[in-house]
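Presented below is the structure to which this report refers.
The values are calculated or read from the model by the stated rules, or taken from the named source; none is laboratory data. Computed from a predicted model, the values in this text were never measured in an experiment. Here the Cβ positions follow ideal geometry from the backbone for every residue, glycine too, while neighbour counts run over all protein chains shown. We work out accessible area using only protein heavy atoms, side chains counted, and drop any ligands, DNA or RNA first. Shrake-Rupley method; radii C 1.70, N 1.55, O 1.52, S 1.80 Å.
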Amino acid sequence: METTVKKHWFGIVGTALGCLAIVAAVLPTWVLPLFVPPPPVDRVVVETAQKIKDRVIAKAKGVEYQEPKRALDWYQILAAVAVTLGVLALVLAAVSFVVHEPWRYAGAAGTLGAGAIVFQFSLLIAGALLAILLVFVILNYLGISL
């Protein structure tokens, strides 16, 4: 009597991609600043002001403004990788579910993929909330009420 072992490739690959998505989502938050520290805020403000000044000068001269080349931003790259791998994990979880693989594979892949995507957007929402809070604190300090 022969027994065949059925491979559950969609669920296994989806789970592996989900794990990679979680790693790519967490890496920029806690590990990447150790190797590639973010630029200081004052330098970012000065560079932004310089870009605005250059753009205004180019507009006044009637010349098209040439955006300077940007260096690789590993934070944005890893965020895009995390969301992309998370979406792929979700798609493979759906395929795994449709082809009747055990639900654990589809559940693990879907949970990991969705977790990576939610983690990326939760950081974005937390940053936006902090910015709004900072604006309200500054306005309150200046005596301006909304």
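May I ask you to list the residues in segment 101-116 that are in a helix (DSSP H, G or I) and in contact (Cβ under 8 Å) with a residue 40 or more places away in the chain? Those that are in a helix (DSSP H, G or I) and in contact (Cβ under 8 Å) with a residue 40 or more places away in the chain: ARG104, TYR105, ALA106, ALA108, ALA109, GLY110, THR111, LEU112, GLY113, GLY115, ALA116. Please go through segment 48-73 and pick out each residue that is closer than 30 Å to PHE35 by Cα and of a type in the set (S, T, N, Q). Answer for segment 48-73, where residues must be closer than 30 Å to PHE35 by Cα and of a type in the set (S, T, N, Q): THR48, GLN50.
For segment 10-31, taking the residues that are at pLDDT below 85 and either of a type in the set (S, T, N, Q) or part of a helix (DSSP H, G or I) (or both), the one that is surrounded by the fewest Cβ atoms within 10 Å (Cβ to Cβ) is identified as TRP30. Selection of first residues in segment 125-138 that are under 16 Å from VAL41 (Cβ atoms) and of second residues that are open to solvent by 80 Å² or more (accessible area, probe 1.4 Å) and of a type outside the set (Asp, Glu), restricted to Cβ pairs under 9 Å at least 6 apart or on distinct chains, gives the following pairs, ordered by first then second residue: ILE138/ILE144. Kindly indicate whether any position in segment 70-87 is of a type in the set (Lys, Arg) and assigned to a helix (DSSP H, G or I). Checked segment 70-87: no residue is of a type in the set (Lys, Arg) and assigned to a helix (DSSP H, G or I). ALA82 meets each of the listed conditions (1) under 30 Å from GLU47 (Cβ atoms); (2) in contact with a helix residue (DSSP H, G or I) (Cβ under 8 Å, 6 or more places away or on another chain); (3) open to solvent by 80 Å² or more (accessible area, probe 1.4 Å) apart from (3).
Of the residues in segment 88-100, at least one is open to solvent by 70 Å² or more (accessible area, probe 1.4 Å) and not in a helix (DSSP H, G or I).
Identify, please: which residue in segment 71-103 is closer than 19 Å to SER122 by Cα and β-branched (Val, Ile, Thr) and is, among those, modelled with the lowest pLDDT? Within segment 71-103, the match that is modelled with the lowest pLDDT is ILE77. Contact map, segment 36-57: first residue of a type in the set (Val, Ile, Thr), second residue at pLDDT below 85, Cβ cut-off under 7 Å, separation 6 or more or different chains; pairs are VAL36/TRP74. Scanning segment 104-146 for residues that are of a type in the set (Gly, Ala, Ser) and farther than 22 Å from THR29 by Cβ yields ALA106, GLY107, ALA108, ALA109, GLY110, GLY143, SER145.
Within segment 32-74, being more than 27 Å from the chain's Cα centre (by Cα) and open to solvent by 100 Å² or more (accessible area, probe 1.4 Å) holds for LYS53, ARG55, LYS59, LYS61, GLU64, GLN66.
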